[in-house]
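Have a look at the structure below before the remarks.
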Amino acid sequence: MKGVIALLLAALCFEGLNAECPNPATLKDDYESKLCAQMFEDSSYYYDESCTGSFFYVYPGEDTPIMPRAWEDRISSLVVGRGCSLTVWSKTKKQGYKKKFSAGIVYHLKEYKKGLLGNWNNSISGYYCTC
Ligand SMILES: *[C@@H]1O[C@H](CO)[C@@H](O)[C@H](O)[C@H]1NC(C)=O
């Protein structure tokens, strides 16, 4: 019985490592460098299936008023590292709507209002991240 429980726990942990949004307190790139934020293409109504799809790393101090075309208006979930804050704009060159996210996990950008009727899903076109 103990073995089965241990196995189950191990499986759950493994699952967590793969699927859950990364922990803001330990947000790092593949080479253990501290990240300011990480942005993801997809989100899901299942929390543990958010932060999926393609992603990219944002380093402390990164100022990107013009995102590569491929990434413009494509972010659906994100994580901001501990002690950092991420400001995003809905239009390139820091125009349009603006929103600041502090450290934490944003599972669904759709839940964050943009203006009167919109939301931030697939709406980020530029950003600035600082720690
Ligand atoms: C975000 O927007 C894209 C494109 O409109 C859509 O395919 C996706 O389902 C949306 N995500 C959510 C969580 O609504």
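Numbers for the structure displayed
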quantity: Complete set of residues in region 24-42 that are within 16 Å of the ligand (Cβ to nearest atom) and open to solvent by 50 Å² or more (accessible area, probe 1.4 Å); calculated: 42
quantity: Filtered residues of region 100-115 (kept if open to solvent by 40 Å² or more (accessible area, probe 1.4 Å) and more than 16 Å from the ligand (Cβ to nearest atom)); calculated: 100, 102, 103
quantity: Considering residues of region 10-54 that are aromatic (Phe, Trp, Tyr) and at pLDDT 95 or above only, the residue nearest to the chain's Cα centre (by Cα); calculated: 40
quantity: Which listed residue is touching a residue at least 12 places away in the same chain (Cβ under 8 Å), under 13 Å from residue 63 (Cβ atoms) and among the aromatic types (Phe, Trp, Tyr), from 120, 89; calculated: 89
quantity: Residue match in region 75-83 (condition: within 16 Å of the ligand (Cβ to nearest atom), within 16 Å of residue 23 (Cα to Cα), polar (S, T, N, Q) and open to solvent by less than 60 Å² (accessible area, probe 1.4 Å)); calculated: yes
quantity: Residue check, residue 87 more than 16 Å from the ligand (Cβ to nearest atom), within 24 Å of residue 32 (Cβ to Cβ), open to solvent by less than 70 Å² (accessible area, probe 1.4 Å) and in contact with a Phe, Trp or Tyr (Cβ under 8 Å, 6 or more places away or on another chain); calculated: no
quantity: Residue among 51, 131 that is open to solvent by 60 Å² or more (accessible area, probe 1.4 Å), within 17 Å of residue 36 (Cα to Cα) and of a type outside the set (Phe, Trp, Tyr); calculated: 131
quantity: Pair list, Cβ under 6 Å, 6 or more apart: region 54-68 residue among the charged types (D, E, K, R), other residue part of a strand (DSSP E or B); calculated: 62/129; 63/128
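The values are calculated or read from the model by the stated rules, or taken from the named source; none is laboratory data. What you see is a predicted model, and the numbers here were worked out from it, not measured in a lab. Note: ideal-geometry Cβ built from the backbone for every residue, glycine included; neighbour counts use all protein chains shown. For the accessible areas, the whole protein counts, side chains as well, though only heavy atoms, and no ligand, DNA or RNA atoms are used. Shrake-Rupley method; radii C 1.70, N 1.55, O 1.52, S 1.80 Å.
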